[in-house]
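The values are calculated or read from the model by the stated rules, or taken from the named source; none is laboratory data. Since the model is a prediction, treat every value here as computed from it, not as a measurement. Methodologically, a virtual Cβ is constructed for each residue, glycine included, from the backbone with ideal geometry; neighbour enumeration extends over all protein chains shown.
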């Protein structure tokens with residue numbers, strides 16, 4: 001049976017429905033619209049019902065695993081009895097272990113930042129890493145991990161809880177960016193690396209860089225933060241809220257317990273479509289797609305029609321089975337909660353210490369927060385003045401005195417340049433005299449850091465190699 | 001039975017599931033998350049299954065109806081055997097019928113722009129209309145309609161097709177902004193108004209104003225376009241694409257044939273959440289919500305948690321049963337297709353004329369486009385140079401020589417100021433020497449036109465009353 005015939009067979013139900021409407025339509029004022037985009041969702045649903053294996057687990061291969069055997073207490077008081085971190089490295093660690101650079105990923109990034117013998121596929125920062133490149137593997141030992149909470153080898157909601165033998169799903173504890181960074185430092189301990197030459201990241205990776213530099217200043221030599229922020233702005237929270245709502249509204253989501261059934265592929269596709277709109281900018285799409293249509297000889301349609309629509313449809317279609325929905329929820333929530341303010345850091349540390357001191361199993365139904373944070377949280381949540389917010393942020397980065405590169409992109413709507421200036425500002429006000437601030441007039445919005453190797457790459461290289 | 005008890009009853013299924021997980025959780029590493037936002041969606045689904053009546057039909061009352069008894073051929077060749085337009089008026093038509101102003105609405109606007117005896121509820125432009133106000137009812141006769149394709153009294157997909165006795169659903173023909181404007185001019189004909197003093201609109205209303213001024217120049221005395229565009233940009237198409245996909249992915253959508261069942265309330269809620277993010281701007285939310293949380297004494301949650309999230313959740317919750325999903329699809333698609341370029345206007349006119357000349361019922365399955373537009377569309381869809389695009393736009397507005405006010409808002413991401421400048425630019429290049437262009441440094445993004453009566457109102461009043 002040909003592939004086309006297979007598709008026809010799968011699509012039978014939808015086609016029968018359309019056929020019966022066509023029969024009626026001879027008396028209607030107009031024929032019914034066709035909905036090929038819905039036909040495709042239904043067809044994928046049928047495919048997935050036939051084969052329940054999650055596909056995201058096969059997306060990335062060839063990584064190494066660090067296995068942490070001790071319990072790990074999260075900032076919000078949840079506990080992981082043990083965890084794995086998937087990582088990949090490029091270049092050679094020098095004899096005094098002083099040339100290691102940690103590359104932190106964005107939300108859905110894997111450890112596969114660059115190709116290597118065990119996985120020849122190009123990585124997500126392929127052109128930024130290598131001999132002579134921005135992250136020069138002739139000079140540096142580059143490490144990239146899949147974050148805690150991810151689904152590309154590191155422990156996340158799709159992993160098995162050793163205490164039950166079942167996947168965590170939404171019994172996974174709430175995570176923070178600081179939890180991700182602390183897990184990475186456990187890996188570095190295991191590698192015998194006490195101090196990074198530099199901590200480098202963009203988007204959520206920039207949050208991790210800033211967090212590492214501010215909270216572990218003795219372990220970070222230089223800081224690179226690209227298109228990130230010192231605290232998530234309500235607008236970026238709103239954009240991620242829309243994605244999470246789309247995901248959780250999918251009937252297949254089943255409150256996160258979907259691993260034995262069909263993944264919430266429709267919700268994931270919608271979430272990715274919204275995300276892609278926030279990752280790119282208008283100017284690029286104007287040049288690339290303009291108002292051109294996919295099939296100009298066809299009449300306009302409610303399903304994807306303009307090239308920009310088919311592009312978004314294709315992008316989100318590709319992604320929807322490549323990343324675990326629960327990881328998206330947890331990691332995107334960690335981004336929302338990111339705030340480098342001193343008061344927030346102190347509160348989380350208190351919570352973590354209290355949870356670590358408590359030997360009992362957390363009480364049920366408390367949504368992964370097991371200490372009384374009423375007072376502290378009430379304090380942090382009252383309406384603060386801009387001056388108070390700034391003071392708290394400046395205090396939060398007072399130990400980040402490393403040479404720092406802060407880079408923003410003017411067409412970025414998710415992490416606007418205002419937030420980039422804020423990072424540079426608080427570092428400088430905290431006394432850091434080695435802060436470089438660049439603003440790029442680039443076309444690609446937030447995703448510029450993935451694409452613009454000429455401008456972004458050169459800025460990183462200059463910062464890393466400048467004496 | 002108390003309201004709370006009723007809610008408990010509705011929520012039983014979800015709670016049982018959670019209760020059984022709680023029992024298990026004593027051996028899990030962490031307790032499961034709670035999902036009150038999903039509980040609410042499920043509760044509303046059960047409510048709606050008990051009462052199938054669409055509620056949007058009751059949202060607006062007290063309008064008048066214009067009944068057009070002749071067939072109306074749409075730009076894309078579809079046909080309406082007849083149509084209604086809901087409208088409301090304020091002020092008094094003068095003896096020579098020269099003081100009428102048409103206010104055009106945005107996507108989901110009703111004719112209820114201002115309160116009156118038959119409907120005392122404040123209208124959507126309550127403070128802009130009235131004695132002495134921006135649209136001064138001591139001087140002007142103000143008319144507002146619900147657009148063709150809407151669901152607040154005018155004929156739309158939720159209306160009954162007189163040829164079948166059933167609701168159109170997605171057998172409704174594809175509409176354009178020009179179709180909406182032509183329907184409004186039929187109403188004006190019926191009122192004996194040959195020429196408007198002014199055509200005023202914001203967002204899609206601005207598209208209608210520009211369309212009216214350019215295509216019916218002899219019928220429009222002055223033009224006001226606020227936060228609109230001369231052609232939809234791929235970025236705004238992308239933002240509406242995400243909304244339509246969310247809507248169509250709702251299993252209740254059923255390809256538009258949901259009127260006898262449950263409305264796609266989940267998809268509508270998601271679509272509105274995305275829309276609200278595009279309607280407002282970051283600066284306002286920073287001031288209004290900052291990073292404050294709904295219940296700071298509670299642990300963080302995956303469901304709405306930050307105030308910005310509960311705000312969006314509440315906004316979209318309110319909307320999801322107040323507007324017909326099919327109207328959203330058709331009207332938002334009309335916005336995507338809007339392009340005042342001469343080549344587009346000419347092509348649509350040719351199509352309409354060919355369809356009108358054809359007496360036969362349109363063939364089934366051709367998605368409401370019944371003429372061969374292959375050549376014309378192919379021409380229009382090739383990649384054009386910026387110069388060609390500008391020339392085509394300038395030619396498209398060559399007859400719009402009325403005094404024109406073009407107003408944009410710097411924090412608008414849906415219709416950015418670049419697009420406002422483009423409108424002013426093409427009008428001026430077409431020889432219009434009476435173009436006023438204002439740019440507002442306002443906080444509210446695209447929605448500024450609904451809120452900022454001081455700045456927007458004054459600009460309109462000055463333009464309308466300036467000799």
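Tabulated data
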read-out: Entirely in the range A:159-255, the helices (runs of 4 or more DSSP H) that have 3 or more residues that are free of Cβ contacts under 8 Å to residues at least 12 places away in the same chain; value: A:234-249
read-out: Qualifying residue in the range A:140-151 (condition: closer than 29 Å to residue A:326 by Cβ, in a strand (DSSP E or B) and in contact with a helix residue (DSSP H, G or I) (Cβ under 6 Å, 6 or more places away or on another chain)); value: yes
read-out: Residue selected from the range B:56-78 under the condition at pLDDT below 95 and surrounded by fewer than 21 Cβ atoms within 10 Å (Cβ to Cβ), by the criterion farthest from the other protein chains (Cβ to nearest Cβ); value: B:61
read-out: Filter result for the condition that a residue is modelled with pLDDT of 95 or more and crowded, with 24+ Cβ neighbours inside 10 Å, over A:400, A:430; value: A:400
read-out: Residues being free of Cβ contacts under 8 Å to residues at least 24 places away in the same chain, in contact with a strand residue (DSSP E or B) (Cβ under 6 Å, 6 or more places away or on another chain) and over 17 Å from residue B:223 (Cβ atoms) - total across the range B:427-467; value: 1
read-out: Residues that are under 25 Å from residue B:347 (Cβ atoms) and in contact (Cβ under 8 Å) with a residue 40 or more places away in the chain, drawn from the range B:405-426; value: B:415, B:419, B:422, B:423, B:426
read-out: Residue B:300, sole failed condition from (1) within 11 Å of another protein chain (Cβ to nearest Cβ); (2) over 19 Å from residue A:37 (Cα atoms); (3) under 11 Å from the mean Cα position of the chain (by Cα); value: (3)
read-out: Within the range B:205-250, tally of residues that are touching a strand residue (DSSP E or B) at 6+ places or on another chain (Cβ under 9 Å), farther than 24 Å from residue B:412 by Cα and within 14 Å of chain A (Cβ to nearest Cβ); value: 0
read-out: Those residues of the range B:141-177 which are at positive phi and within 11 Å of chain A (Cβ to nearest Cβ), in sequence order; value: B:165, B:169
read-out: Flag if residue A:263 is away from chain B (no Cβ under 14 Å), buried (at least 21 other Cβ atoms within 10 Å of the Cβ) and in a loop (DSSP other than H, G, I, E, B); value: yes
read-out: Residue within the range B:270-281 that is touching a strand residue (DSSP E or B) at 6+ places or on another chain (Cβ under 7 Å), within 9 Å of chain A (Cβ to nearest Cβ), over 25 Å from residue B:44 (Cα atoms) and crowded, with 23+ Cβ neighbours inside 10 Å present; value: no
read-out: Hey, residue A:89 surrounded by 16 or more Cβ atoms within 10 Å (Cβ to Cβ) and more than 11 Å from chain B (Cβ to nearest Cβ) or not; value: yes
read-out: Leading residue by the ranking (nearest to residue B:87 (Cα to Cα)) among those in the range B:114-133 that are buried (at least 23 other Cβ atoms within 10 Å of the Cβ) and touching a helix residue (DSSP H, G or I) at 6+ places or on another chain (Cβ under 9 Å); value: B:114
read-out: Subset of the range A:303-316 (residues that are more than 7 Å from every other protein chain (Cβ to nearest Cβ), without any contact (Cβ under 8 Å) to a residue 60 or more places away in the chain and part of a helix (DSSP H, G or I)); value: A:307, A:310, A:311, A:314, A:315, A:316
read-out: Evaluation of residue A:435 against (1) at pLDDT 95 or above; (2) within 9 Å of another protein chain (Cβ to nearest Cβ) (one fails), failing number; value: (2)
read-out: Single residue of the range B:326-337 satisfying the filter (out of contact with any strand residue (DSSP E or B) (no Cβ under 7 Å at 6 or more places or on another chain) and within 11 Å of chain A (Cβ to nearest Cβ)) that is surrounded by the fewest Cβ atoms within 10 Å (Cβ to Cβ); value: B:333
read-out: So residue A:18, is it out of contact with any strand residue (DSSP E or B) (no Cβ under 6 Å at 6 or more places or on another chain), at pLDDT below 95 and surrounded by 15 or more Cβ atoms within 10 Å (Cβ to Cβ); value: yes
